[in-house]
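Notes to accompany the following structure.
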Amino acid sequence: MPMKPLEEASTIPKAWYFDAAFAERERERIFTRTWQCAGRVDQLPKPGDYITTDIAGMPVVVLRNQQGELRAFHNVCRHRAGSPARGTGNASFLRCHYHGWTYDLDGNLKNAPEMDGTLDFKLCDYGLTAIKVAAWGPLVFVNLDPKAKPLEAWLGDIPTRVAPYKLDTLRFADHVEYEIGCNWKLYIDNFLEGYHVPWAHPGLNQVLDYRTYTVEPHDNYVLQYGPLKEQGDASNPLIAFKRGAEAHKGLKGEAALGSAYYWIFPNFMWNLSPDVAQSNVVLPLGPERCRVIFDFFYYGDVSPEVRKQNIAYSDEIQREDIDICETVQRNLHSPAYEAGRFCAKRENGVYAFQSMLRRWLDG
Ligand code: FES
Ligand SMILES: [Fe+2]
């Protein structure tokens, strides 16, 4: 059922945040059909480099072939479903650990030991199943849906809008993960509004100009941006730190104005600012658990102190958000709650997400 207009709508039913059958429907309808971040380009610099991961609960291998192109496959052997690749590494071939069937880096089956007595068996019929793969800036994305539109088309005008942030020049520095006791959608809901900032993030609230904080919903993404406060208590370490970073920013245009927070349906976020970029992915681990992954990128070399400061700055906000998300997850089970209403002024981003969710589940 489509959502009513924002001013009249209710939030999605609470069961969507803990029902196991609903989570499975999301996996099938959303996670197996949308572009998912699978890793970083810097993990695959040379031909033969490969990484393995899980996308929507399915094993996937992403690699660089002999021509230097990115390729991705279901990491499932066509013999009896062993794993052609395990972990990460560099190899000229993918050799299944079970009976040694060997695939080249384009997924063609090149050798299958002792199969000469098997009738109607042709190597060319048993290649690995390819998956769509594409890079965007320093990140690699895959899509399990053979009919999915190309990443470039899916991203629409976003790459142009973020051009001032020069994503291609970003260098990976740090990886941080959190496991949170909440449904993945609670994390996204919370990410998509600034309404909670004055109440839940006292530190951030001193830095961010809440009055001009803007949430801009689009068809498949939401952009949020908010300039830093002109005035502020310089003894606040967050303000002092962010001001310092602002002072030696190397960026021009839009990017120099401050931070932009992009969320792209369903579970990918870029937190972009003039001095540091953070990719943020939320993975469901079950109806009431998720993993939140941050990768920190910089423009050139940064000192260990700056890296530590940025991780600490982000961690403070994360802890505040995790507390909220886990509390809400528990409260959703209360008989006193079914669904809520949106703040029409401040929760247009959450509304946009929940509308997309309904469209994808119905479509
Ligand atoms: S399952 Fe891969 S070789 Fe047998
Ligand atoms: Fe928050």
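The values are calculated or read from the model by the stated rules, or taken from the named source; none is laboratory data. Please read these numbers as outputs of a predicted model, since none were measured by experiment. Counting neighbours? That spans all protein chains shown, and the Cβs are built from the backbone with ideal geometry, glycine included. We work out accessible area using only protein heavy atoms, side chains counted, and drop any ligands, DNA or RNA first. Shrake-Rupley method; radii C 1.70, N 1.55, O 1.52, S 1.80 Å.
On the accessible surface of the chain, probed at 1.4 Å, how many percent belong to carbon and sulfur atoms? Don't skip to the end; give the middle numbers.
Numbers: 9030 of 17300 Å².
Result for the chain: 52 percent of the exposed heavy-atom area is carbon or sulfur.
What's the local net charge at Ala91, with K and R +1, D and E -1, over the other residues with C-beta under 12 Å away? All intermediate terms of the calculation are to be shown ahead of the outcome.
Details: positive: Lys46, Arg64, Arg86, Arg95; negative: Asp49, Asp104.
Charge balance in the 12 Å sphere: +2.
Take the residue pairs Lys14/Lys132; Lys46/Lys110; Lys4/Lys147; Lys185/Lys345; Lys46/Lys132; Lys4/Lys185 and return only those whose Cα atoms are more than 23 Å apart. Please list the in-between numbers first.
Values: Lys14/Lys132 34 Å; Lys46/Lys110 21 Å; Lys4/Lys147 30 Å; Lys185/Lys345 21 Å; Lys46/Lys132 20 Å; Lys4/Lys185 20 Å.
Among Lys14/Lys132; Lys46/Lys110; Lys4/Lys147; Lys185/Lys345; Lys46/Lys132; Lys4/Lys185, the Cα-Cα distance tops 23 Å for Lys14/Lys132; Lys4/Lys147.
Report ³J(HN,Hα) in whole Hz for each residue of the stretch 56-65, in order, from the Karplus equation J = 6.51 cos²θ - 1.76 cosθ + 1.60 where θ = phi - 60°; Gly and Pro get x.
So the Karplus estimates, Gly and Pro as x, are 6, x, 10, x, 9, 10, 10, 8, 10, 7 Hz.
Within 10 Å, count the other beta carbons around each residue, average over each peptide in 214-225, 298-309, and list them highest first.
Working: 214-225: 18.2, 298-309: 12.9.
Top of the packing list down: 214-225, 298-309.
Kirkwood hydrodynamic radius of the stretch 285-361 from all distinct Cα pairs, in Å? Write down the numbers at each step before the final one.
Details: mean 1/r = 0.0621 Å⁻¹.
Evaluated on the stretch 285-361, it is 16.1 Å.
Within the set of other residues whose C-beta is less than 14 Å from the C-beta of Phe172, count the net charge using Lys and Arg as +1 and Asp and Glu as -1. Could the numbers behind the result be given before it?
On the way: positive: Arg40, Arg171, Arg307; negative: Asp42, Asp168, Asp174, Asp295, Asp301.
With Lys, Arg at +1 and Asp, Glu at -1, the net is -2.
Helix-only mean residue ellipticity at 222 nm, the chain, DSSP H runs n ≥ 4 weighted -39,500 (n - 2.57), per residue, nearest 500. What is it?
For the chain, the value works out to -7000 deg cm²/dmol.
I need the Debye-formula profile for the stretch 36-152: one equal scatterer per C-alpha, no solvent, reported as log10 I(q)/I(0) at q = 0.23 1/Å, two decimals.
For the requested q values the scattering log ratios are -1.32.
In sequence order, what are the phi-derived ³J(HN,Hα) couplings for the stretch 211-217 according to the Karplus relation 6.51 cos²θ - 1.76 cosθ + 1.60 with θ = phi - 60°, rounded to whole Hz, with x for glycine and proline?
Whole-Hz 3J(HN,Hα) from phi for the stretch 211-217: 4, 9, 4, 10, 10, 10, x.
Set the Förster distance to 35 Å, then compute FRET efficiency between Tyr210 and Asp19 from the Cβ-Cβ distance, nearest 0.05.
Numbers: r = 35 Å, r/R0 = 0.99.
Efficiency for this residue pair is about 0.50.
Would you calculate the separation in nanometres between label points at Glu179 and Lys122, each defined as 7 Å from the Cα along the Cα-to-beta-carbon direction?
4.7
In Å³ and rounded to a whole number, note down the convex hull volume per residue for the Cα atoms of the chain. Show your work: numbers first, answer last.
Numbers: hull volume 55.1 nm³, N = 363.
Value for the chain: 152 Å³ per residue.
So what are the stretch 33-74's ellipsoid semi-axes, whole angstrom, largest first, if each one is the square root of 5 times an eigenvalue of the alpha-carbon gyration tensor?
Values: eigenvalues 71, 19, 16 Å².
Each semi-axis is √(5λ); the values are 19, 10, 9 Å.
Please list, in order along the stretch 288-298, the HN-Hα scalar couplings obtained from phi with the Karplus expression 6.51 cos²θ - 1.76 cosθ + 1.60 (θ = phi - 60°), rounded to whole Hz, x for Gly and Pro.
My calculation for the stretch 288-298 gives 10, 9, 8, 10, 10, 10, 10, 10, 9, 10, 10 Hz in order.
Residues with beta-carbon under 9 Å from that of Leu361, excluding Leu361: net charge, scoring Lys, Arg +1 and Asp, Glu -1?
Working: positive: Arg25, Arg29, Arg358, Arg359; negative: Glu26, Asp362.
Cβ neighbours under 9 Å give a net charge of +2.
Taking a Cβ-Cβ separation under 4.7 Å as the criterion for a possible partner, which cysteines of the chain have none?
Taking the Cβ cut-off of 4.7 Å, the unpaired cysteines of the chain are Cys37, Cys124, Cys290, Cys343.
How much length is gained on full extension from Arg359 to Arg330, taking 0.36 nm per residue of separation minus their Cα-Cα distance? Write down the numbers at each step before the final one.
Numbers: separation 29, 0.36 × 29 = 10.44 nm, distance 2.68 nm.
The span from Arg359 to Arg330 would gain 7.8 nm if fully extended.
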